[in-house]
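The values are calculated or read from the model by the stated rules, or taken from the named source; none is laboratory data. Model, not experiment: these values are computed from the prediction. Every residue, glycine among them, receives a Cβ derived from its backbone with ideal geometry; neighbour counts consider all protein chains shown. The area values use the complete protein model at the heavy-atom level, side chains included, leaving out ligands, DNA and RNA. Shrake-Rupley method; radii C 1.70, N 1.55, O 1.52, S 1.80 Å.
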Amino acid sequence: MSAPTPAAAPARKPLMPVKEAFDFLLAAARPVAEVELVDTLEANGRVLAEDQASKLDVPSADNTQMDGYAVRAADCASGAAQLKVAQRIPAGQVGSYLEPGTAARIFTGALIPAGADAVVMQEQCELNGDVVTVKHAPQSGEWIRRAGEDVRAGAVILPGGTRLRSQELGLAASVGLAQLPVRRRLRVAVFFTGDELAMPGEALKPGAIYNSNRFTLRGLLENFGCEFTDYGIVPDSLQATRDTLREAARNHDLIITSGGVSVGEEDHIKPAVEAEGRLNMWQIAVKPGKPLAFGEVGSAFFLGLPGNPVSSFVTFLLFVRPFLLRLQGVSGDVSPRALQMRADFDWAKPDRRNEFLRARINEQGGLELFPNQGSGVLTSTVWADGLIDCPPGQAIARGDLVRFIPFASLQH
């Protein structure tokens, strides 16, 4: 009697490609609906809820770009005209009509007086008493800012979905917008799994490590203006994980965890999420960071990051960051922006996954690689200027052009 044939092992589900995972996350994101009216001075980092239009021209009237003399260009055609200085116009004051054969001493930002059609900078003039010699033949319109040349009344200056930076706030103020409608801040819950985790200041027991991810992720959430609740370190048990997920889902838009998303017996995040909600995505073809998980618990979204510190940091920048921005209401392109730069190294053993290599810019304008690309080597994230996006199976030879994503473009 022949022995029974062993059952075939279940086929391993293929890893989701990085681009597919990125698109899946963005398609699932639902921006928060609530809108707040905040003072423009307090709106830095917030996301506009609706278009903002100007009610006035900027500048509101023709004014001078330079300190100098407002003149009639026709009076100065000789290049050596002598004109009587008939008036003085500081910024904030309105001059009188400029009579032919006269000039007005004028200062940057001051309104051009009626009758004048050019400004000659003071370096091209010589004053003697109340007579100025204009040593330049100006063209009509020279050194004059025209009314509305920056902004026209009625024009949309900031579209809804804009994440406000200092320059957007300045533009809003320039048209007199004292308050702006913005979406409310995102509410995020965060917790960390692992009985081996300890906090700095505590004595390390055998086998214990300090919880660096707590500091990294909190800092990143602060950078993005989130309101967050830190539930700290959750014990390695399915029940404790489920209890914390359930509590976090009550008053938050997003839950972020670190650790416990792999396939070990002490990795409880995946079964806990499946018990309390649903898991929509798990395991990405990315290195570092394969065990990235996405799902929903109650009305809150869930993102589970790997426990290795580099993996947690990189997956936040590549996946959590754009998802956060979409939840906040940002409507523009939120994908990581890459530069084409020269590799000054060889990478001869590519992975089957999409790798993100820590690298920095050298004095020659090329990229050099951190020697240890391990997912636990947190020093690489401090040493590096950004990440090289290395496609699956692609080797890199010295001199090749590669896609480089600066950290500076990913952390705000």
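Restricting the search to segment 150-197, which residues are assigned to a helix (DSSP H, G or I), touching a residue at least 24 places away in the same chain (Cβ under 8 Å) and aliphatic (A, V, I, L, M)?
Of everything in segment 150-197, those that are assigned to a helix (DSSP H, G or I), touching a residue at least 24 places away in the same chain (Cβ under 8 Å) and aliphatic (A, V, I, L, M) turn out to be Leu169, Ala172, Ala173.
In segment 340-352, what residues are open to solvent by 40 Å² or more (accessible area, probe 1.4 Å) and either in contact with a Pro (Cβ under 6 Å, 6 or more places away or on another chain) or aliphatic (A, V, I, L, M) (or both)?
Ala348, Arg352
Test Asp389 against the stated conditions and say whether it is touching a Lys or Arg at 6+ places or on another chain (Cβ under 7 Å) and at pLDDT below 95.
No; evaluated as a whole, the condition is false for this residue.
What are the residues in segment 367-380 that are under 13 Å from Val402 (Cβ atoms) and surrounded by fewer than 18 Cβ atoms within 10 Å (Cβ to Cβ), if any?
Result: Glu368, single match.
When you go through Pro138, Pro200 one by one, which is the residue that is touching a strand residue (DSSP E or B) at 6+ places or on another chain (Cβ under 6 Å), surrounded by 20 or more Cβ atoms within 10 Å (Cβ to Cβ) and part of a loop (DSSP other than H, G, I, E, B)?
Checking each option against the conditions leaves just Pro138.
Which condition does Asn362 not pass, out of (1) surrounded by 15 or more Cβ atoms within 10 Å (Cβ to Cβ); (2) of a type outside the set (D, E, K, R); (3) in contact with a strand residue (DSSP E or B) (Cβ under 6 Å, 6 or more places away or on another chain), if it passes all the others?
Going through (1) surrounded by 15 or more Cβ atoms within 10 Å (Cβ to Cβ); (2) of a type outside the set (D, E, K, R); (3) in contact with a strand residue (DSSP E or B) (Cβ under 6 Å, 6 or more places away or on another chain) one by one, Asn362 breaks only (1).
Would you point out the residue of segment 232-244, among those that are part of a strand (DSSP E or B) and of a type in the set (A, V, I, L, M, F, W, C), that is surrounded by the fewest Cβ atoms within 10 Å (Cβ to Cβ)?
Result: Ile233.
Starting from residues that are assigned to a loop (DSSP other than H, G, I, E, B) and in contact with a Phe, Trp or Tyr (Cβ under 7 Å, 6 or more places away or on another chain), keep the ones in segment 381-412 and report whichever is least open to solvent (accessible area, probe 1.4 Å).
Among those residues, the one meeting the criterion is Ala384.
Do we have Arg337 as of a type in the set (D, E, K, R), surrounded by 17 or more Cβ atoms within 10 Å (Cβ to Cβ) and in contact (Cβ under 8 Å) with a residue 12 or more places away in the chain here?
no
Consider Gly332 against the criteria (1) closer than 30 Å to Arg46 by Cα; (2) surrounded by 14 or more Cβ atoms within 10 Å (Cβ to Cβ): it satisfies all of them except one. Which criterion is unmet?
(2)
Is at least one residue of segment 159-171 under 30 Å from Arg88 (Cβ atoms), among the aliphatic types (A, V, I, L, M) and in contact with a Lys or Arg (Cβ under 7 Å, 6 or more places away or on another chain)?
So far as segment 159-171 goes, no, none of its residues is under 30 Å from Arg88 (Cβ atoms), among the aliphatic types (A, V, I, L, M) and in contact with a Lys or Arg (Cβ under 7 Å, 6 or more places away or on another chain).
List every residue pair whose Cβ atoms sit under 8 Å apart, with the two residues 6 or more apart in sequence or on different chains, where the first one lies in segment 283-304 and is without any contact (Cβ under 8 Å) to a residue 12 or more places away in the chain and the second, anywhere, is open to solvent by 10 Å² or more (accessible area, probe 1.4 Å) and of a type in the set (Val, Ile, Thr).
From segment 283-304, no pairs qualify.
Can you tell me which residue within segment 71-87, out of those that are part of a strand (DSSP E or B) and free of Cβ contacts under 8 Å to residues at least 40 places away in the same chain, is farthest from Val175 (Cα to Cα)? Explain how you work it out, then say what you get.
From segment 71-87, those part of a strand (DSSP E or B) are 71, 81-87; that's our starting set.
Those still in the list that are free of Cβ contacts under 8 Å to residues at least 40 places away in the same chain too: 86-87.
Details: Ala86: 33, Gln87: 30 Å.
Ranking the qualifying residues of segment 71-87, first place goes to Ala86.
Which members of segment 15-44 meet the condition of being free of Cβ contacts under 8 Å to residues at least 24 places away in the same chain and closer than 14 Å to Val334 by Cα?
Lys19, Asp23, Ala27
Within segment 52-70, does at least one residue satisfy the condition of being open to solvent by 50 Å² or more (accessible area, probe 1.4 Å) and in a strand (DSSP E or B)?
no
Which ones in segment 150-170 are of a type outside the set (Gly, Ala, Ser) and either in contact with a strand residue (DSSP E or B) (Cβ under 8 Å, 6 or more places away or on another chain) or open to solvent by less than 70 Å² (accessible area, probe 1.4 Å) (or both)?
Asp150, Val151, Val156, Ile157, Leu158, Pro159, Thr162, Arg163, Leu164, Glu168, Leu169
Could you check segment 203-231 and list, in sequence order, the residues that are in a strand (DSSP E or B) and modelled with pLDDT of 95 or more?
Of everything in segment 203-231, those that are in a strand (DSSP E or B) and modelled with pLDDT of 95 or more turn out to be Glu227, Phe228, Thr229, Asp230, Tyr231.
Considering only residues that are open to solvent by less than 10 Å² (accessible area, probe 1.4 Å) and in a strand (DSSP E or B), look in segment 264-300 and name the one that is nearest to Val32 (Cα to Cα).
Ala300
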